[in-house]
């Protein structure tokens, strides 16, 4: 079963073609390292999967659904960790309530995942999210994504703000997930996720130039 199906996808910004006739499938159970230089199109492709962009051509389906027209349904089963945490002004208590109401993720589960990342949420519930340190923000976003138990996990340089010990805890958490899912890691460092992935896709100039099992 394919979680993601992309067919002849094209997308341009300001006259520059960022995605150029991209076709690929990601099956349930695949753990994909998506690599390439800056501007290769990898983040644009992932954001198209998340429904951020209308395509210029081609189609994307996530579990058979259009990520633009059926975005709410698509995002129900995606856990996404962005490279740059959003400037959320909600307190942590308000944020957890919002996440629970919008995704169904239990607050207790988010707190458990946070504690596994050695992040003490209970001591910071009244603090606005945007006032947390970069590492604390990233740990909380990881906890929220994993608490959803999503069938597709998407990580855009997820360890950029984490110290080495936090990175190890993050990798152990991913390795311990006990349900069937697929993962996409946008990364410049294959060696960091090599033990977690079974496929690598290399993009350049908006095209998939290498795609192999590992």
Output for the stretch 86-100, where each listed residue is assigned to a helix (DSSP H, G or I) and either buried (at least 19 other Cβ atoms within 10 Å of the Cβ) or within 20 Å of the chain's Cα centre (by Cα) (or both): 92, 95, 96, 98, 99, 100
Please enumerate the residues belonging to the stretch 151-172 that are modelled with pLDDT under 90 and in a loop (DSSP other than H, G, I, E, B). 157, 158, 159, 160, 161, 162, 163
Condition first: more than 17 Å from residue 212 (Cβ to Cβ) and surrounded by fewer than 20 Cβ atoms within 10 Å (Cβ to Cβ). Now tell me which residues in the stretch 21-42 satisfy that. 21, 28, 37, 38, 39
Do we find that residue 56 is free of Cβ contacts under 8 Å to residues at least 60 places away in the same chain, surrounded by fewer than 19 Cβ atoms within 10 Å (Cβ to Cβ), farther than 15 Å from residue 77 by Cβ and touching a strand residue (DSSP E or B) at 6+ places or on another chain (Cβ under 9 Å) in this structure? yes
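Could you grab me the full set of residues in the stretch 197-214 that are surrounded by 15 or more Cβ atoms within 10 Å (Cβ to Cβ), assigned to a strand (DSSP E or B) and in contact with a strand residue (DSSP E or B) (Cβ under 7 Å, 6 or more places away or on another chain)? Walk me through how you get there before you give the answer.
Just the residues of the stretch 197-214 that are surrounded by 15 or more Cβ atoms within 10 Å (Cβ to Cβ), to begin with: 197, 199-204, 206-208.
Then drop every residue that is not assigned to a strand (DSSP E or B), which leaves 199-204, 207-208.
Selection gives 199, 200, 201, 202, 203, 207, 208.
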Note on the stretch 182-196: residues in a loop (DSSP other than H, G, I, E, B) and surrounded by fewer than 20 Cβ atoms within 10 Å (Cβ to Cβ) are 188, 189, 194, 195, 196
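The values are calculated or read from the model by the stated rules, or taken from the named source; none is laboratory data. Quick caveat, the model's predicted, so the values are computed rather than measured. Methodologically, a virtual Cβ is constructed for each residue, glycine included, from the backbone with ideal geometry; neighbour enumeration extends over all protein chains shown.
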